[in-house]
Each structure stands twice: as structure tokens, then as C-alpha cells.
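K.L.:
After the C-alpha cells below, expect a handful of questions from me.
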Amino acid sequence: MSAPGKVGFSKPVYTRPRSLVDVKSHFCPGCHHGTIHKIVAECIDRYGLREKTIGVACVGCAVFLYDYIDVDVVESPHGRAPAVATGVKRAQPDKFVFTYQGDGDLAAIGTSEIIHAANRGENLSVIFVNNTTYGMTGGQMAPTTMLGQKTSTTPYGRDFRGDGYPIKMAELLSGLEGTSYSARVAVSTPAQIRKAKEAVRKAFEMQIAGMGFSIVEFLSTCPTNWGMKPLEAQKRVLGEMSEYFPLGVFKERKQADFA
Ligand SMILES: Cc1ncc(C[n+]2csc(CCOP(=O)(O)OP(=O)(O)O)c2C)c(N)n1
Ligand code: SF4
């Protein structure tokens, strides 16, 4: 019985996913990496994959995946995660293999690796964290940095005349035949978090069904390098960021395509 005036709860409303390590987060306040880890861990649990998963980490703040997700993780050099994951999956096709990459990693130094892994239709899943900057190394311009965005290497704001345009990776990869699933999601509201989880589930299901390459791009924050408070950073994702990088599913193969 609960004390007078207190509400009694008989059912837990939240439990930590088994695949999420019970440690304090070291990420900056308002950073989305932690929320994205939780979604990944929940989906690993959902399909009972923990004992057969091999994650492939990259560089940057994204690398710390290996401290938080309780599965085997291989560390790869900058940009090479899709190539390393290809080797792992081909050597051990019964394992569940995913990469976890930032935008500097996936869309700059690793452009070649991600495009060719997708084009080959490698049977693996990619979690892509787009925070429009190089988080760990001090906020330099990334290929996803938005026009006008000030960074440590673009103090006057990104200008298409010298710097080109921000790359829309989810759309770009959806155009490749080997891609089975490509979506862009965000985690700035509870409703977005639910949709993001659906997208990761779909991506994982593609690999489980042997359908080929799947990717989920997350719009993420980096309040520290954006020079914003956490709440302002959320508003940026909900506003200008999702206007330029629309949320949605850009490709979803049906089983029939492979029949
Ligand atoms: C071959 C190589 N070049 C450069 C670096 C330096 N480096 C480490 S992290 C990083 C930026 C990573 O940015 P991003 O992938 O966007 O990840 P975030 O920190 O935002 O999660 C760079 C350039 C490196 N580790 N290896
Ligand atoms: S520097 Fe940016 S990406 Fe790295 S932990 Fe801080 S907010 Fe997150």
C-alpha cells in the first residue's frame, strides 16, 4: 500500500535495456548520442541479438559506443567502419553487424567506404549520427554543416561558393541499388524517438532477413560546438535542421524484390 497522498505504482514504466551498460554518461548536456545508444540497445534486445552482435565503432564522440552498448565491438580507423564491417560480416555471416558513425567519419573521410558498401548491398546496418560538425575535435566544418553555419573552420559561416552544399546522405544512399532501407529520423521529441526506434527496427529486420544494406540517419545535437544551450540545440534540430534534412523513409525494399 502506498502512503496517504502518494500514488502507488505496481508496474515499472521504464527499465534499462539489457544491452545498455549501467554507467554514468560522459556526453555533454543536451547531446543526443546517449538517446541514440538507448534506441540501438532496445532494438538489439528486441530481436535477442546481444550474444550475436558485433558493432563497428569509428572515431569522434561516436566512438564511445563501445563504453555503453554491451556487445562485442571492433574499433575501426576514421571512415573505415563500413569496410571493416564488410569483412566482419563476410567472415561471420551468422553474426549481426552494425556500424555507428558520425558525419565527419561517414560523409567526409569515409565517403568512399559507405557508398561502396551500400552499392555492394552488404548485409549490414548503419547508424549514422549527423550533428553537422566534427564534435570531438573542436567543431570543424563537416560535409553536413549547413549553409551559413559558423564553425571553427568557417568563422563567417559555410558558403556554398567555396565549401559546397551540405550532403544529404540518406537521400544519396537511397539511390543505390544495393540499399534496402534508408531513413532519416530525429530524437528531439518523444514522438520522434518512437519513430526513430521504428526505423532502427526496420533497418535491423532488413539484415536479419538478408536483404542487404540498411542505414538510419539521426539528426543529432552538438550543443558544445554549436555554442548553444541544450534547449536551443533541440530547437535547431526541430527547425532549420529538419527543414534542410527532411525526416522520413527514402527507400524500403520489400521482400518480394528479392524473391
Ligand atoms: C585518420 C584520422 N584522421 C583524423 C582523425 C581525427 N579525428 C578524430 S575524431 C574526428 C572528428 C569526428 O567527427 P564526427 O565523425 O562528426 O563525430 P562526432 O565527434 O561528431 O561524433 C577527427 C577528424 C583520426 N582520428 N583519424
Ligand atoms: S562534443 Fe558534441 S557530439 Fe561530442 S559529446 Fe559534446 S555535444 Fe556530444
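K.L.:
Out of (1) closer than 19 Å to GLY104 by Cβ; (2) surrounded by fewer than 23 Cβ atoms within 10 Å (Cβ to Cβ); (3) among the β-branched types (Val, Ile, Thr), what's the single condition that is false for ILE215?
P.N.:
In the conditions (1) closer than 19 Å to GLY104 by Cβ; (2) surrounded by fewer than 23 Cβ atoms within 10 Å (Cβ to Cβ); (3) among the β-branched types (Val, Ile, Thr), ILE215 misses (2) alone.
K.L.:
Quick one: PRO155 ticks every box in (1) over 26 Å from HIS37 (Cβ atoms); (2) open to solvent by less than 20 Å² (accessible area, probe 1.4 Å) bar one, so which box is it?
P.N.:
It fails just one condition, (2).
K.L.:
Can I ask one more? Specify the residue that is farthest from ligand 1 (Cβ to nearest atom); the eligible residues are those in the stretch 125-143 that are hydrophobic (A, V, I, L, M, F, W, C) and open to solvent by 20 Å² or more (accessible area, probe 1.4 Å).
P.N.:
Narrowing the stretch 125-143 to residues hydrophobic (A, V, I, L, M, F, W, C): 126-129, 136, 141-142.
Narrowing the set further to residues that are open to solvent by 20 Å² or more (accessible area, probe 1.4 Å) leaves 136, 141.
Numbers: MET136: 4, MET141: 10 Å.
Residue satisfying both the conditions and the ranking: MET141.
K.L.:
Can you say whether TYR181 is open to solvent by 30 Å² or more (accessible area, probe 1.4 Å), away from ligand 2 (no atom under 16 Å from the Cβ) and modelled with pLDDT of 95 or more, as far as the supplied structure shows?
P.N.:
No: the conditions fail for TYR181.
K.L.:
Quick one: which helices (runs of 4 or more DSSP H) sit completely within the stretch 15-111 and have at least 3 residues that are at pLDDT 95 or above and either open to solvent by 50 Å² or more (accessible area, probe 1.4 Å) or away from ligand 2 (no atom under 16 Å from the Cβ) (or both)?
P.N.:
Values: elements: 33-46, 65-68, 81-91.
Because the criterion is at least 3 residues that are at pLDDT 95 or above and either open to solvent by 50 Å² or more (accessible area, probe 1.4 Å) or away from ligand 2 (no atom under 16 Å from the Cβ) (or both), the helices (runs of 4 or more DSSP H) in the stretch 15-111 that meet it are 33-46, 81-91.
K.L.:
A follow-up question, please. Here is a list of conditions, (1) touching a residue at least 60 places away in the same chain (Cβ under 8 Å); (2) more than 16 Å from the chain's Cα centre (by Cα); (3) near ligand 1 (Cβ under 10 Å from one of its atoms), and ILE109 meets all of them except one; can you say which number that is?
P.N.:
(1)
K.L.:
What do you reckon, is GLY210 on the phi > 0 side of the Ramachandran plot and either modelled with pLDDT under 95 or open to solvent by 50 Å² or more (accessible area, probe 1.4 Å) (or both)? Please lay out each step first, then the result.
P.N.:
Details: on the phi > 0 side of the Ramachandran plot: yes; either modelled with pLDDT under 95 or open to solvent by 50 Å² or more (accessible area, probe 1.4 Å) (or both): no.
Considered against the rule, which asks whether it is on the phi > 0 side of the Ramachandran plot and either modelled with pLDDT under 95 or open to solvent by 50 Å² or more (accessible area, probe 1.4 Å) (or both), GLY210 comes out as no.
K.L.:
Going residue by residue through the stretch 144-152, is there one that turns out to be within 16 Å of ligand 1 (Cβ to nearest atom), among the small types (Gly, Ala, Ser) and modelled with pLDDT of 95 or more?
P.N.:
Within the stretch 144-152, one or more residues are within 16 Å of ligand 1 (Cβ to nearest atom), among the small types (Gly, Ala, Ser) and modelled with pLDDT of 95 or more.
The values are calculated or read from the model by the stated rules, or taken from the named source; none is laboratory data. Not measured: the values here are computed from a predicted model. Counting neighbours? That spans all protein chains shown, and the Cβs are built from the backbone with ideal geometry, glycine included. These accessible areas exclude ligands, DNA and RNA; they are computed on the full protein's heavy atoms, side chains included. Shrake-Rupley method; radii C 1.70, N 1.55, O 1.52, S 1.80 Å.
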